[in-house]
Amino acid sequence: MSFGQTMIASAFLVLLTIAVINANKLIVDSDTAQYEMESIEQAGHLANSLLSEIAKKKFDENVDTSYYGLQPLTDFTSSAQLGTDPFTIWGRTYNESYLVPRPDYYPYSSMIDHNYYYDDIDDYDGYFRIDTTNTFTRDTLRVEVYYITPNSSSDQGYDISSSRTYFKKVDVHVINRRYFSDTLTFSTIIAY
């Protein structure tokens, strides 16, 4: 084999190697995009499931279900006290979150029958769970609950309120550093 043929064969091998590497990169990028889309879809299912669970609870700890009509706003939990409720054992006051594991893993404490710790919407403020039921993703869900007031001149259509209102907004933030870089937020507004 002459020097010219060796150079042509070497150039061919270099071009073939570059083509194989580019084809492999294309396949990996395609798989990565597909995994990212599947993980975002899974995050949506998990967040919507948690939002549905929360929406089934009563509006506030102090809501009187036997009372017909609107209760006064002063009966509701103050915005500074949103979250799990305090309880007393042997004269010491604790917060219910003391009894609930953080983070919450499956089977979730918030879903157990006759759950006394998550009996109203604002008990979920500060709640977070790690989904281990799916082997593909391992999402962390964190919940925020706050009062809002409708405001048509605001970009969102509401303002966050530091006082009690007849509206609570629930945000579920889904974090998965492996498959998406930003935190995904799913929200709902619940009215009394």
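The values are calculated or read from the model by the stated rules, or taken from the named source; none is laboratory data. Just so you know, these numbers come straight off a predicted model, no measurement behind them. With ideal geometry, Cβ positions are generated from the backbone for all residues, glycine too; neighbour counts draw on all protein chains shown. The accessibility values were calculated without ligands, DNA or RNA, using every heavy atom of the protein model including side chains. Shrake-Rupley method; radii C 1.70, N 1.55, O 1.52, S 1.80 Å.
Key figures
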{"quantity": "Burial order of peptide ranges 4-14, 36-46 (average beta-carbon count within 10 Å, highest first)", "calculated": "36-46, 4-14"}
{"quantity": "Exposure ranking of Asp122, Asp159 by accessible area [1.4 Å probe, largest first]", "calculated": "Asp159, Asp122"}
{"quantity": "Pair Tyr106, Gln81: separation of 7 Å Cα→Cβ label points (nm)", "calculated": "3.7 nm"}
{"quantity": "Debye equation applied to the C-alpha atoms of the stretch 120-177, log10 I(q)/I(0) at 0.12, 0.17, 0.18, 0.27 Å⁻¹", "calculated": "-0.40, -0.66, -0.70, -1.04"}
{"quantity": "Segments 178-186, 143-151 sorted - mean Cβ within 10 Å per residue, highest first", "calculated": "143-151, 178-186"}
